[in-house]
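Everything below concerns the one structure shown next.
The values are calculated or read from the model by the stated rules, or taken from the named source; none is laboratory data. Because the structure is predicted, anything quoted here is derived from the model rather than measured. Every residue, glycine as well, gets a Cβ built from its backbone with ideal geometry; the counts of neighbours run over all protein chains shown. These accessible areas exclude ligands, DNA and RNA; they are computed on the full protein's heavy atoms, side chains included. Shrake-Rupley method; radii C 1.70, N 1.55, O 1.52, S 1.80 Å.
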Amino acid sequence: MVNILPSPDSSPLTTEERYRLLAENSSEIVYQTQGLDISWIAPSVTRVLGWEPHELIGQPAVKLISQHQDRTWVDANRIKLERGEDVSQEMLLNAKDGGDKWFSGVAHPIQGDDGSLQGFIVSMRDIDQKVRTRKKLQESEQKFRAAMVNAAVAVALTDANDRIIDVNEAMVRFLGRSAKELRGLKMDDLATPEDPESDAALFDELMSGKRESYRTTTITERLDGKTYFGDLNISTVRDEDGQVTWIINQILDITEQVGVRQRLVQMATIDSTTGLLNRASIVERLEESIRETLSWGGNIAVLLVDVDRFRSINDSLGHAAGDQILAELGERFERAVGKRAIVGRYGGDEFLLIIPGAGTERELANVVGQVTAAVGQEFTIAERRVVLTASLGASFHTPLTSALGMIQEAAVALTEAKRQGRAQLQVFDTVLSNAARYRLQVEQELREAIDRKEFVVYYQPIIKLETFQPIANEALVRWNHPTDGLTGPVTFIEIAEESGLILGIGRQVLEQVCRDIKTSTALKGKVAVNVSAVELSDPGWLDSALAIITESGIDPRRLTIEITETAVLSTGRDIKTDLAILRNLGIGLMVDDFGTGFSSISLLRDLPLTGLKLDRSFVDKMLNVDGPENKLAQGLAQLADALNIHGVAEGIESQEQAIALRDMGWTYGQGYHFARPAPLVEN
Ligand code: C2E
Ligand code: CA
Ligand code: CA
């Protein structure tokens with residue numbers, strides 16, 4: 001460092017010498033005027049502007065001011081000086097080489113004894129660098145704002161405290177709020193960094209000038225409830241003193257990419273309820289296993305395990321209890337099968353086991369036995385003891401099946417296992433595959449049949465056994481198949497129920513029944529309509545049925561609904577309120593196929609029943625007079641009596657049966673002996 005001034009103790013300089021040195025070496029310009037003309041100017045002006053003092057002395061002070069400088073302030077400043085006040089002013093001064101430079105000046109008035117302005121002393125500091133930086137900044141700010149407005153990328157300008165000053169249209173769209181709403185809010189709250197800790201560190205580095213920009217991933221929870229992900233790029237703009245004037249936040253919408261990334265992450269993760277491999281990863285493992293197996297020519301099997309009636313566990317004990325059972329099951333499976341199989345949760349109450357090396361049912365037996373035993377072990381949940389069973393579907397790898405193909409085949413086998421009464425294993429083979437194909441075909445045809453309204457209703461009379469007079473009818477659906485002709489429900493009802501298509505069929509049946517009640521004179525008394533468990537369990541069924549009934553304009557008391565005993569037992573939802581609503585309208589309610597299920601008397605008492613129908617199988621076996629069926633049939637007639645509801649015996653094919661049933665106490669009967677189901681004929 002160069003010391004301009006000798007140190008005070010070693011140099012006994014006079015005041016004038018000091019002053020001269022200072023004046024020559026200073027970067028300031030100091031001058032004095034007499035009136036408005038320069039009367040004295042410090043020699044430093046030569047260094048600063050290039051002028052020799054004598055070139056300026058005697059000239060008007062305003063001559064120093066650049067012609068590029070607007071001078072509107074000159075008069076105002078003079079008035080202030082005349083009043084005896086100091087003035088300060090930024091101005092552009094002429095350099096001798098023709099350039100100009102910015103100075104910040106302070107003028108101090110020199111007053112005569114009468115207070116009039118004699119002249120002034122001005123000292124001016126070079127601020128050229130500073131002003132030019134500032135101007136450039138202002139220019140770039142303007143340019144930047146102009147560019148920002150139309151940018152496709154979302155931009156927000158924030159101050160050093162992260163408060164929003166301005167946003168562009170793209171940012172308004174990204175954040176889902178208007179520019180007016182956004183102004184003043186903290187950017188951080190609107191687009192929150194995914195990793196706040198590392199963001200805070202980066203932000204500190206940015207503010208301290210250690211870095212000029214950084215990127216981070218942000219999460220935006222919009223007011224409409226949707227979540228958006230952004231790739232935020234933050235950079236600073238600093239003023240001439242290096243202070244942060246604003247922060248530029250640019251956000252790229254990466255919501256879609258993040259979605260993909262999260263899905264990828266999920267694929268690698270574990271099911272949180274059971275701690276087992278989740279669906280995606282167990283499928284991936286199966287693919288791997290298939291690849292490995294193919295390379296050495298071994299076998300591989302999959303076993304799909306579905307807990308029977310799991311829904312009723314959830315309904316009665318709650319989802320937390322359901323989850324607890326699933327978690328425990330997962331543990332038991334892993335413990336039971338050890339290294340013989342890989343266990344994953346396939347979804348809901350379904351588990352998928354990969355069993356390498358198994359190529360025949362016999363080779364599966366071990367694992368199947370262990371799985372069945374693991375399910376069958378009692379659970380204690382919420383102080384309740386629960387015993388479960390599971391249905392199992394298995395399939396083996398063939399050179400042509402993919403992982404998903406194998407699982408699909410196992411699922412077909414599983415459906416078959418459930419259909420055959422649950423709690424058993426079915427193995428996928430060609431017989432099953434044909435059955436599956438047949439079912440799919442019927443399902444497809446049923447879909448079209450619903451669209452084309454191919455269903456018709458037949459009626460079978462219900463007879464009073466004392467008089468043999470018809471008093472009511474049962475509606476029985478028939479499918480007018482385009483090629484097979486008229487088809488009874490046994491061929492399609494089950495498939496319709498499993499696929500949910502029964503809802504559409506039931507609607508058409510009810511519509512036609514209501515229409516017939518309204519218009520036919522042949523249809524006397526009540527009409528009984530069959531409703532399946534699937535329909536009863538559907539949350540929309542009641543509303544849809546009520547709509548059909550009210551729109552038809554019939555008296556609801558003309559209707560009776562028949563639900564099978566097993567349907568009453570198996571519906572998951574609490575259907576009692578639905579049934580009460582129907583009863584309140586005067587609609588009858590019968591339990592169908594009575595005697596085949598295992599419903600308790602209390603169940604009958606709890607439901608608002610109007611009747612029960614003795615299952616045909618009892619009537620079939622009636623000829624054996626002392627058989628147990630007869631005793632039961634007699635007992636059930638007394639039960640109906642005791643409950644004060646109608647008893648109807650179904651499937652009466654002979655006069656003897658009719659009389660025997662009447663003698664047992666059955667009031668009503670139905671069967672081929674009286675009439676077969678038939679279409680309505682108007683008389
Ligand atoms: P279900 O409700 O028990 O109906 C009585 C069945 O017994 C009818 O068979 C009827 O034709 C038959 N049947 C009547 N009298 C005799 C007889 O003397 N001897 C013999 N062997 N059979 C007799 P269908 O019409 O084939 O209906 C079969 C089942 O399909 C019905 O059993 C019912 O559960 C169901 N179903 C019929 N229509 C509908 C419907 O519209 N919706 C629903 N969900 N199920 C229906
Ligand atoms: Ca029936
Ligand atoms: Ca029946």
Report yes if some residue within segment 507-523 is in a helix (DSSP H, G or I), within 16 Å of ligand 3 (Cβ to nearest atom) and either basic (Lys, Arg) or open to solvent by less than 30 Å² (accessible area, probe 1.4 Å) (or both); otherwise report no. yes
Out of Leu503, Leu486, Leu446, sole residue that is under 27 Å from Thr610 (Cβ atoms) and without any contact (Cβ under 8 Å) to a residue 60 or more places away in the chain: Leu503
Mind telling me which of the residues Thr491, Thr467 ends up being over 29 Å from Glu551 (Cβ atoms), among the polar types (S, T, N, Q), touching a helix residue (DSSP H, G or I) at 6+ places or on another chain (Cβ under 9 Å) and away from ligand 3 (no atom under 16 Å from the Cβ)? Thr491
Within segment 624-681, the residues that are open to solvent by less than 20 Å² (accessible area, probe 1.4 Å) and either of a type in the set (D, E, K, R) or outside any helix (DSSP H, G or I) (or both) are Gly627, Gly647, Val648, Ala649, Gly651, Ile652, Trp666, Gly669, Gln670, Gly671
All helices (runs of 4 or more DSSP H) inside segment 108-199 with 2 or more residues being closer than 30 Å to Val48 by Cα: 128-150
Test Gly627 against the criterion of being within 16 Å of ligand 2 (Cβ to nearest atom) and more than 19 Å from Leu609 (Cα to Cα), and give yes or no. no
Tally of residues being crowded, with 16+ Cβ neighbours inside 10 Å and within 36 Å of the chain's Cα centre (by Cα) across segment 428-455: 9
Arg616 vs. criteria within 16 Å of ligand 3 (Cβ to nearest atom), under 30 Å from Thr577 (Cα atoms) and open to solvent by 90 Å² or more (accessible area, probe 1.4 Å): yes
When every residue in segment 363-390 that is hydrophobic (A, V, I, L, M, F, W, C) and open to solvent by 40 Å² or more (accessible area, probe 1.4 Å) is compared, the one modelled with the highest pLDDT is Ala373
In contact with a helix residue (DSSP H, G or I) (Cβ under 8 Å, 6 or more places away or on another chain) and without any contact (Cβ under 8 Å) to a residue 12 or more places away in the chain: is that true of Ile300 in this structure? no
When you go through Phe103, Phe120 one by one, which is the residue that is closer than 30 Å to Thr245 by Cα and crowded, with 18+ Cβ neighbours inside 10 Å? Phe103
Residue, most open to solvent (accessible area, probe 1.4 Å), within segment 533-590, restricted to residues that are more than 24 Å from Ala640 (Cβ to Cβ) and acidic (Asp, Glu): Glu551
Residue among Leu486, Leu546 that alone is part of a helix (DSSP H, G or I), more than 16 Å from ligand 2 (Cβ to nearest atom) and at pLDDT 90 or above: Leu546
Leu404 versus (1) open to solvent by less than 50 Å² (accessible area, probe 1.4 Å); (2) in a helix (DSSP H, G or I); (3) under 24 Å from Ser499 (Cα atoms): which is the lone unmet condition? (1)
Looking only at segment 37-73, how many residues end up being free of Cβ contacts under 8 Å to residues at least 40 places away in the same chain, touching a Phe, Trp or Tyr at 6+ places or on another chain (Cβ under 9 Å) and surrounded by fewer than 18 Cβ atoms within 10 Å (Cβ to Cβ)? 3
Anything in segment 178-196 that is surrounded by fewer than 17 Cβ atoms within 10 Å (Cβ to Cβ) and within 14 Å of Asn168 (Cα to Cα)? List them, or say none. Ser178, Ala179, Lys180, Glu181, Arg183
Out of everything in segment 456-484 that is open to solvent by 60 Å² or more (accessible area, probe 1.4 Å) and acidic (Asp, Glu), what residue ends up being nearest to ligand 1 (Cβ to nearest atom)? Asp484
So Thr220 fits all but one of (1) at pLDDT 90 or above; (2) in a helix (DSSP H, G or I); (3) not acidic (Asp, Glu); what number is the exception? (2)
Can you name the number of the only condition in (1) among the acidic types (Asp, Glu); (2) closer than 30 Å to Gln426 by Cα; (3) open to solvent by less than 70 Å² (accessible area, probe 1.4 Å) that Glu288 fails? (3)
Is it true that Lys180 is over 26 Å from the mean Cα position of the chain (by Cα), farther than 30 Å from Gln129 by Cα and not hydroxyl-bearing (Ser, Thr, Tyr)? yes
Out of segment 634-652, which residues are in contact with a Lys or Arg (Cβ under 9 Å, 6 or more places away or on another chain) and more than 16 Å from ligand 2 (Cβ to nearest atom)? Leu643
Can you go through Ala528, Ala547, Ala533 and tell me which one is within 12 Å of ligand 1 (Cβ to nearest atom) and more than 30 Å from Leu317 (Cβ to Cβ)? Ala528
Name the pairs: first residue in segment 651-666 and over 15 Å from Arg616 (Cβ atoms), second residue at pLDDT 95 or above and surrounded by 20 or more Cβ atoms within 10 Å (Cβ to Cβ), Cβ to Cβ under 7 Å, at least 6 apart or on different chains? Arg662/Leu465
Answer with yes or no whether Ala280 is of a type outside the set (Val, Ile, Thr) and within 30 Å of Ile219 (Cβ to Cβ). yes
From the residues in segment 573-598 that are more than 16 Å from ligand 2 (Cβ to nearest atom) and either under 16 Å from Ala637 (Cα atoms) or among the polar types (S, T, N, Q) (or both), which one is modelled with the highest pLDDT? Asn584
